[in-house]
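The values are calculated or read from the model by the stated rules, or taken from the named source; none is laboratory data. Source: prediction; values computed, not measured. When we count neighbours, we look across all protein chains shown, and the Cβ atoms used for this are built from the backbone with ideal geometry, even at glycine. Note: areas computed on protein heavy atoms with side chains; ligands, DNA, RNA excluded. Shrake-Rupley method; radii C 1.70, N 1.55, O 1.52, S 1.80 Å.
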Amino acid sequence: MNASGLSADQVKLQARARELASGPVAKRAAEVDRTEQYPWDNVELLKDAKLIGMTIPTQYGGQGKGWLDAVLAIEALSAACAVTGRIAVETNMGAISAVMAYGSEEQKKMCADMVLSGDKPAICITEPDAGSDANGMTTRADKKGNRYLINGRKHWITGGGVSRLHLIFAKVYDEKGEFEGIGGFLAIRDETKGLKITKREPTMGLRGIPEAVIDFEDMDVPPSALVIPPRGLKKGFADLMTAYNSQRVGAATVALGIAEGAYQLALDWSEKRYQFGRPINEFQGLQWKLADMSIKLSAARALVYNAARSGEGGFPDMLMAAQAKVFTSESAIQVVNEALQFFGARGYSRELPLERMVRDVRMFTIGGGTAEVLRNVVAGALLKKKLPQTRDGWAKD
Ligand SMILES: Cc1cc2nc3c(=O)[nH]c(=O)nc-3n(C[C@H](O)[C@H](O)[C@H](O)COP(=O)(O)OP(=O)(O)OC[C@H]3O[C@@H](n4cnc5c(N)ncnc54)[C@H](O)[C@@H]3O)c2cc1C
């Protein structure tokens, strides 16, 4: 263990990820943003460095690493390129972690192989009329004989159009049309009939990964495509959502990494840039900004690392993951914005990475649960009450 509580292996892993980040990943970051092209070359680099599928258990070809290991890699990569950091999130957390926890043997083998070969799975929950209120989804899976037919529309699906593996959430109805619960179905783009990518969203930042609208038109899957957690379909959505706590920690980590990258640039520049005959970091106005930025980063890092550690042998604690994501995403936006300010006009130029970082970091109070909704999660856990948000839902199950 070192001073930050990391093991010798974790320090090595961090060093490996930092080397990759400051070398080839940093070199490509601006181009990835400008061209809006998914960085397949970086996927190969991540594969070679064994930073993809690290959390997959060894019997399925992974390394059986913990969430904190993944966090260390994601943090380092995101400081250079948030898109590459997000690829590391989604190949170690989220959909793949749900399948590895709750999938059948066959599902685990198939998904592990796909991820380890470089596929970033897509997780499909959000719909045009069901965002924060995910339970309000209308995508449905109707049982017809020995098949399910899935119909509906998802939007803002990260990786839509580049991901092959999809975990799609739908309301499940039996042969008689009775509602059974919300289930997660596995489908593969270009193999599963009826899965169509119909639009790419024009995004503000994180432009190297497409955000897509996906339509399901009589998408036909066998029951073996359904990922069924131990408590069955009725409680299945809640169980599958516990896996999402890992994704939330991952999202917080990307925001943390971007902010650390921006802070470092500001710190270095503050020594190099002279005005009034002295480095700008000799002005107390900027010293206090640097102090505030570093305090926010240290606090955010502690929350993220602790949330990751809370998931040892399972998934991160819901309260800790929510606290980490709210604080880190909001602090990161402030830190990156301040970092740009250090550069004056130069910070506003597309020739420096600051403006990209401002655009990239803005997402993290929205995707994966908004800061407002996660405050509801935190409050619910503190008060030990269910806090349904519907007009008639208070205090009901
Ligand atoms: C870049 C990006 C990537 C994404 N990737 C994915 C993905 O891969 N898969 C996926 O399924 N989804 C994805 N999303 C969607 C994301 O999860 C949703 O945007 C998010 O859950 C919010 O839903 P919404 O956009 O419909 O906002 P809405 O739910 O319409 O919310 C609008 C506003 O109202 C607030 N609000 C809503 N309900 C409450 C409440 N009860 N209390 C207080 N405030 C409330 C919200 O916080 C927000 O400020 C992504 C989004 C983005 C931006």
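State yes or no: is A101 over 19 Å from R207 (Cα atoms), crowded, with 20+ Cβ neighbours inside 10 Å and more than 15 Å from the ligand (Cβ to nearest atom)?
Criteria not met by A101.
Could you please give the count of residues in region 172-218 that are on the phi < 0 side of the Ramachandran plot and within 16 Å of the ligand (Cβ to nearest atom)?
27
Touching a helix residue (DSSP H, G or I) at 6+ places or on another chain (Cβ under 6 Å), within 14 Å of L186 (Cα to Cα), open to solvent by less than 10 Å² (accessible area, probe 1.4 Å) and of a type in the set (V, I, T): does that describe V227?
yes
Would you pick out the residues in region 112-130 that are over 16 Å from the mean Cα position of the chain (by Cα) and within 16 Å of the ligand (Cβ to nearest atom)?
E127, P128, D129, A130
Which condition does S163 not pass, out of (1) within 23 Å of A101 (Cβ to Cβ); (2) assigned to a strand (DSSP E or B); (3) of a type in the set (G, A, S), if it passes all the others?
Going through the list (1) within 23 Å of A101 (Cβ to Cβ); (2) assigned to a strand (DSSP E or B); (3) of a type in the set (G, A, S), S163 breaks only (2).
Of all residues being over 27 Å from G250 (Cα atoms) and more than 12 Å from the ligand (Cβ to nearest atom) in region 351-393, which is most open to solvent (accessible area, probe 1.4 Å)? Just the residue, please.
E351
In region 237-246, how many residues are open to solvent by 20 Å² or more (accessible area, probe 1.4 Å) and at pLDDT 95 or above?
Selection size over region 237-246: 0.
Which of the residues spanning region 19-48 are of a type in the set (A, V, I, L, M), open to solvent by 20 Å² or more (accessible area, probe 1.4 Å) and closer than 21 Å to C111 by Cα?
If the condition is that a residue be of a type in the set (A, V, I, L, M), open to solvent by 20 Å² or more (accessible area, probe 1.4 Å) and closer than 21 Å to C111 by Cα, then L45 is the only one that fits.
Across region 308-326, which residue is most open to solvent (accessible area, probe 1.4 Å) among those that are of a type in the set (A, V, I, L, M, F, W, C) and touching a residue at least 60 places away in the same chain (Cβ under 8 Å)?
Out of the qualifying residues, it is M318.
Is region 305-323 home to any residue that is farther than 21 Å from D33 by Cα, among the hydroxyl-bearing types (S, T, Y) and not in a strand (DSSP E or B)?
Of the residues in region 305-323, the ones farther than 21 Å from D33 by Cα are 305-323.
Applying the additional criterion that residues be among the hydroxyl-bearing types (S, T, Y) yields 305, 310.
Then drop every residue that is not not in a strand (DSSP E or B), which leaves 305, 310.
Looking through region 305-323, at least one residue is farther than 21 Å from D33 by Cα, among the hydroxyl-bearing types (S, T, Y) and not in a strand (DSSP E or B).
List the pairs whose first member sits in region 147-173 and is small (G, A, S), whose second member is near the ligand (Cβ under 9 Å from one of its atoms) and in a loop (DSSP other than H, G, I, E, B), and whose Cβ atoms are under 8 Å apart, counting only residues at least 6 apart or on separate chains?
These pairs meet every condition: G159/I209.
Tally time: how many residues in region 131-163 are open to solvent by 40 Å² or more (accessible area, probe 1.4 Å), more than 8 Å from the ligand (Cβ to nearest atom) and more than 15 Å from M219 (Cα to Cα)?
So the count comes out to 1.
Taking the options L186, L149, name whichever one is assigned to a strand (DSSP E or B), among the aliphatic types (A, V, I, L, M) and within 24 Å of the chain's Cα centre (by Cα).
Checking each option against the conditions leaves just L186.
Is it true that some residue in region 238-259 is more than 20 Å from V89 (Cβ to Cβ), among the basic types (K, R) and not in a loop (DSSP other than H, G, I, E, B)?
No: region 238-259 contains no residue that is more than 20 Å from V89 (Cβ to Cβ), among the basic types (K, R) and not in a loop (DSSP other than H, G, I, E, B).
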